[in-house]
Amino acid sequence: MPAIDQLSEEILQQFSTKQEEPATNSSPIEETKPPTKKNKFLGKTWQKVLAISILFLLVIFTSVLSYTLLVVREIKQVADVATPIVFESKNLLASQNIMALPEKITQLQEVKAQVENKYQKLAFYGKIPGLSNYYQDGQRLLQVADHGLSVAEKSLTALIPYTDLLGFQGEGTFTGGTTQDRIVLILETLKEIQPTIEEIDQESKIIVSILNEVEASRYPKTIANQEIRSKILEIQDKATLFSQTFSDYKPVIASLSKMAGAEEAQKYLVLFQNDNELRPTGGFLTAYAIISVDKGVVTSEKSDDIYELDQKFTKRVAIPDVLGKYLTTEKYYHLRDMNIFPDFKTSMEEFYENYSTVRGEPKDIDGIIAVDTFVLSELLRVIGPVDAPGYGTFSAENSPKCDCPQVVYALSEIITKPTPYLREDRKGVLGPLMKSILAKTYDLDKAKFPELFKVAQASIEGRHLQMYFMDETTQKAAEQINAAGRLYELKNNLKAWTMGENMDFLAIVDANLGGAKSNLFTNYEVKQIISAPNAGRLEKTIEITYKNTRKADNCNLEAGQLCLNSTLNDWLRIYLPKGAELIEIQGISNEASVYEEANLTVIDGYFSLEPLGLAKVKLSYSIPYTDEVNYNLKMWKQGGIDAVPVLIDVTGGEEELLMDKDLEYSTVF
């Protein structure tokens, strides 16, 4: 430090010069006062020491800052190398080129090691009070990167053997034989990857734990116009979501081999729910089939009309009052109507208990699987047209006769259209159709498999595909991924508010009780107006607008024509949080009933909708709600319905959403 040394010498020289100068105009008395001179000397020395100290600290600070900036620049230069690697990895994943990803992970691991090595040069910050927390946060991010790369590496290790079957680029382990052969091999090896899955689950939980140690509040909202605090919170939320999602799917993977009959053959009852004649679980129970799944191979044992099954059902059960007051044509409870509860598990427990009393029907069922026209249409869209012996060709192409997929119209003709002759096994079409679809799926080009997975995901999320299993572990696995059609006691949808948290809830459940197949041409939209809470309660107004877009068909039986669109007689139930109080309701033709069902408050009514008509149901009510800052809503989507436009107005702030699956919404009042 030459400048500081020179400055110090000059200061000392000036001080020495002043000490050597003789005193002038001094009285003898003043000369005999050494204490005064000593104080003056000490005072000036203190100032000089202070000046030197400040200069010294300034130099130290400047040096440390320069060193820190130099190290940060080095770290940035190394870290910048990772940016194109991450970008390339995303492109490879998007193009499904899984086989090229391990090399990219290795490159990222090398970059991370270099960054960590250079970051250690700043380790002295970890011992400086007030700055140690920030240094430790940097270490935490490096730990997260380490665990994140480990998760990616282990995921690829588990996935690569299946790239061929899953339709990704590259050749996995199972490249020989038919698709059925590869499915069998996969099922046999699922148990082998369970330890890897468990490791990934633990790694993801460690990542969440480490990230949660970073206190976002310590950081400013922005630095140089860059969002900082919100980004930290976003990363924490995404990590938590990934970890939770993986944990939810883990038991499914563990149960998959059992469900697919890898250990022993499984027998399932498949129900076709005609969503064009909507019922609470998603559609009228039109037809059924018994299938066997043995080591991934599906075979159909029988298929029949639900009315044929009801003829064998000799047990006389009085129709429940909640249904009987609207379905006045029936005195007894039939199997075809035993899906009046929107919760699929509750309905299927009742259905199977009564089905088990039917003589001659297969027993020892391992589960019930329900599908609707969405599943059939989307499958045919991916695999192409299929021929079902004795019933014709089915496809997903649009039919001008109904402006709907051809398979929907063809099934309606087979199942519904009256004929002057006795049509045998008219609803037994489900078995042959399923057999043809499965046969074509097994021979499908592997490039189409990702599309099939998307169909499965959309079918589950929209409740077009619902499952109920007798085995408790398998049932819980289905519930974890929302594939069980649950409404009551649903972990991700209702548990929050039943535990006492502030959570609004809404489920709109319709049932077509004598309106032909008019739901094919009927849709609805919802508007919700929410006021701020007052005195522990929140007031809401809901408007549900139903529209029928097609003219009426000739439904006179003597005409012998296909009757699809007729007057819709709709049984409407609106499920709300427990403790909801109805203020007013308009648009229903009867007096609304209000009751509790499975820890929910239900508003129950009835209305009619004519072809080319419009019907609006409007109701106001209040619910318990004490949070005066945040508004949280969960909307449950009924099975069998198309996506629903939803307009939410919270204290004047409007937002348009689309409910194609369960909807979660949060804002502030």
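The values are calculated or read from the model by the stated rules, or taken from the named source; none is laboratory data. Just so it is clear, the model here is predicted, and its values are computed rather than measured. Note: ideal-geometry Cβ built from the backbone for every residue, glycine included; neighbour counts use all protein chains shown.
Residue under question is Gly360, and the condition is that it be farther than 23 Å from Ile415 by Cα, at pLDDT 95 or above and of a type outside the set (A, V, I, L, M, F, W, C); does it hold? Judged against the criteria, Gly360 is not a match. None of Thr346, Thr281, Thr299 is β-branched (Val, Ile, Thr) and at pLDDT below 95 except Thr299. The strands (runs of 3 or more DSSP E) found entirely in segment 612-669 that carry 2 or more residues being within 20 Å of the chain's Cα centre (by Cα) are 630-636, 644-650, 653-659, 663-668.
With a requirement of 2 or more residues that are within 23 Å of Leu452 (Cα to Cα) and either over 27 Å from the mean Cα position of the chain (by Cα) or at pLDDT below 75 (or both), the helices (runs of 4 or more DSSP H) lying completely within segment 143-224 that satisfy it span 163-166, 179-189.
Applying the condition of being more than 30 Å from Ser622 (Cβ to Cβ) and in contact with a strand residue (DSSP E or B) (Cβ under 7 Å, 6 or more places away or on another chain) to segment 535-550 and asking which residue is surrounded by the fewest Cβ atoms within 10 Å (Cβ to Cβ) yields Arg550. For segment 515-536, does any single residue satisfy the condition of being without any contact (Cβ under 8 Å) to a residue 40 or more places away in the chain, within 30 Å of Thr373 (Cα to Cα) and not acidic (Asp, Glu)? No: segment 515-536 contains no residue that is without any contact (Cβ under 8 Å) to a residue 40 or more places away in the chain, within 30 Å of Thr373 (Cα to Cα) and not acidic (Asp, Glu). Scanning segment 90-100 for residues that are in a helix (DSSP H, G or I) and either more than 25 Å from the chain's Cα centre (by Cα) or within 20 Å of Pro161 (Cβ to Cβ) (or both) yields Leu92, Leu93, Ile98, Met99, Ala100.
Is it the case that Glu301 is within 30 Å of Gln480 (Cβ to Cβ) and surrounded by fewer than 19 Cβ atoms within 10 Å (Cβ to Cβ)?
yes
The test for being crowded, with 17+ Cβ neighbours inside 10 Å, within 29 Å of Glu479 (Cα to Cα) and in contact with a helix residue (DSSP H, G or I) (Cβ under 8 Å, 6 or more places away or on another chain) holds for Leu323. Against the numbered list (1) at pLDDT 95 or above; (2) assigned to a strand (DSSP E or B); (3) of a type outside the set (Gly, Ala, Ser), Ile291 comes up short only at (1). Looking only at segment 225-241, which residues are part of a helix (DSSP H, G or I) and either under 14 Å from Ile197 (Cβ atoms) or of a type in the set (S, T, N, Q) (or both)? Correct list: Ser230, Gln236, Thr240. If only one of Asn117, Asn97, Asn91 is in the same structural domain as Leu211 (by TED's automatic domain parsing) and in contact (Cβ under 8 Å) with a residue 40 or more places away in the chain, which one is it? Criteria check complete, one pass: Asn97. Screening the candidates Asp364, Asp310, Asp304, Asp387 for the property of being touching a helix residue (DSSP H, G or I) at 6+ places or on another chain (Cβ under 9 Å) and either assigned to a loop (DSSP other than H, G, I, E, B) or more than 22 Å from Lys267 (Cβ to Cβ) (or both) yields one hit, Asp387.
Checking segment 123-130 against the condition returns a match, with at least one residue being touching a Ser or Thr at 6+ places or on another chain (Cβ under 9 Å), assigned to a helix (DSSP H, G or I) and in the same structural domain as Glu215 (by TED's automatic domain parsing).
Annotation note: Cβ proximity below 7 Å between a residue of segment 577-603 that is farther than 16 Å from Asp504 by Cα and in the same structural domain as Asp504 (by TED's automatic domain parsing) and a residue that is outside any loop (DSSP other than H, G, I, E, B) and of a type in the set (Phe, Trp, Tyr) (sequence gap 6+ or interchain) occurs for Ile583/Tyr621; Gly587/Phe607; Ile588/Tyr606; Ile588/Phe607; Ser589/Tyr606; Ser589/Phe607; Asn590/Tyr606.
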